[in-house]
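Peer 1: Encoded as structure tokens, here's the structure I'll be asking about.
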Amino acid sequence: MRMILTFSDPALAQAVGSPDLLSQTWPVAVGEVMLLLHVLRMAAPTLLNALATGLVRIIAPRTAEASSRIMLSYKAVILSAVAKGENDAEVLSPHLVPDGVSRLEIAELFVGGQPALRKVAG
């Protein structure tokens with residue numbers, strides 16, 4: 001079983017699902033975006049496996065407040081997502097339990113600090 005990636009915004013899903021649109025949206029970082037998503041998709045069965053590659057890093061949350069939000073990075077690309085586990089239940093503090101994360105609902109991608117949704121919409 002592989003990690004399941006979904007997108008909370010249809011425009012972001014469309015941009016990421018089309019190589020042409022992806023290269024138009026992020027011409028400089030298209031390879032980095034594609035590699036991050038590929039490593040996450042191929043991770044089996046949890047996020048821990050993606051982290052074990054050494055390519056993907058967790059960005060530690062700035063607050064101690066329990067949340068299911070997680071931020072992952074690869075080079076200039078940062079992905080913000082809601083971490084989920086079995087039965088689509090949200091995983092609280094996923095940065096502490098990556099082996100419990102088998103699904104990511106991607107909310108946003110940032111390339112060079114710029115949010116993708118603004119770029120896709122613009």
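Peer 1: Could you tell me how many of the residues in the stretch 1-20 are out of contact with any strand residue (DSSP E or B) (no Cβ under 9 Å at 6 or more places or on another chain), touching a residue at least 24 places away in the same chain (Cβ under 8 Å) and open to solvent by 50 Å² or more (accessible area, probe 1.4 Å)?
Peer 2: Step one: of the stretch 1-20, the residues out of contact with any strand residue (DSSP E or B) (no Cβ under 9 Å at 6 or more places or on another chain) are 1-2, 10-11, 18-20.
So of that shortlist, the ones also touching a residue at least 24 places away in the same chain (Cβ under 8 Å) come out as 1-2, 11.
From what's left, open to solvent by 50 Å² or more (accessible area, probe 1.4 Å): 1-2.
Counting residues in the stretch 1-20 that are out of contact with any strand residue (DSSP E or B) (no Cβ under 9 Å at 6 or more places or on another chain), touching a residue at least 24 places away in the same chain (Cβ under 8 Å) and open to solvent by 50 Å² or more (accessible area, probe 1.4 Å) gives 2.
Peer 1: Considering the stretch 55-77 alone, what residues qualify as being among the β-branched types (Val, Ile, Thr) and either over 15 Å from Leu5 (Cβ atoms) or assigned to a loop (DSSP other than H, G, I, E, B) (or both)?
Peer 2: Correct list: Val56, Ile58, Ile59, Thr63.
Peer 1: Further question: Taking the condition of being within 15 Å of Pro115 (Cα to Cα) and surrounded by fewer than 15 Cβ atoms within 10 Å (Cβ to Cβ), how many residues in the stretch 23-38 meet it?
Peer 2: Counting residues in the stretch 23-38 that are within 15 Å of Pro115 (Cα to Cα) and surrounded by fewer than 15 Cβ atoms within 10 Å (Cβ to Cβ) gives 3.
Peer 1: Give me a count of the residues in the stretch 44-83 that are more than 15 Å from Val101 (Cβ to Cβ) and open to solvent by less than 10 Å² (accessible area, probe 1.4 Å).
Peer 2: Going through the stretch 44-83 one residue at a time, the tally reaches 2.
Peer 1: Would you pick out the residues in the stretch 84-112 that are open to solvent by less than 70 Å² (accessible area, probe 1.4 Å), more than 16 Å from Leu5 (Cβ to Cβ) and in contact (Cβ under 8 Å) with a residue 24 or more places away in the chain?
Peer 2: Answer for the stretch 84-112, where residues must be open to solvent by less than 70 Å² (accessible area, probe 1.4 Å), more than 16 Å from Leu5 (Cβ to Cβ) and in contact (Cβ under 8 Å) with a residue 24 or more places away in the chain: Ser93, His95, Gly100, Phe110, Val111, Gly112.
Peer 1: Next question, about the same structure. As an exercise: evaluate Arg41 against (1) at pLDDT 90 or above; (2) open to solvent by less than 70 Å² (accessible area, probe 1.4 Å) and give the number of the one condition it does not meet.
Peer 2: Of the numbered conditions (1) at pLDDT 90 or above; (2) open to solvent by less than 70 Å² (accessible area, probe 1.4 Å), the odd one out for Arg41 is (2).
Peer 1: Specify which of the listed residues (Leu5, Leu51) is outside any helix (DSSP H, G or I), of a type outside the set (D, E, K, R) and in contact with a helix residue (DSSP H, G or I) (Cβ under 8 Å, 6 or more places away or on another chain).
Peer 2: Exactly one of Leu5, Leu51 is outside any helix (DSSP H, G or I), of a type outside the set (D, E, K, R) and in contact with a helix residue (DSSP H, G or I) (Cβ under 8 Å, 6 or more places away or on another chain), namely Leu5.
Peer 1: So for the stretch 35-45 (the condition being within 18 Å of Glu90 (Cβ to Cβ) and not aromatic (Phe, Trp, Tyr)), does at least one residue qualify?
Peer 2: Among the residues of the stretch 35-45, at least one is within 18 Å of Glu90 (Cβ to Cβ) and not aromatic (Phe, Trp, Tyr), which makes the answer yes.
The values are calculated or read from the model by the stated rules, or taken from the named source; none is laboratory data. Note that the structure is a prediction, hence the values are computed from the model and not measured. Positions of Cβ are backbone-derived with ideal geometry, glycine not excepted, and every protein chain shown enters the neighbour counts. Surface accessibility is based on the protein's heavy atoms, side chains included, excluding ligands, DNA and RNA. Shrake-Rupley method; radii C 1.70, N 1.55, O 1.52, S 1.80 Å.
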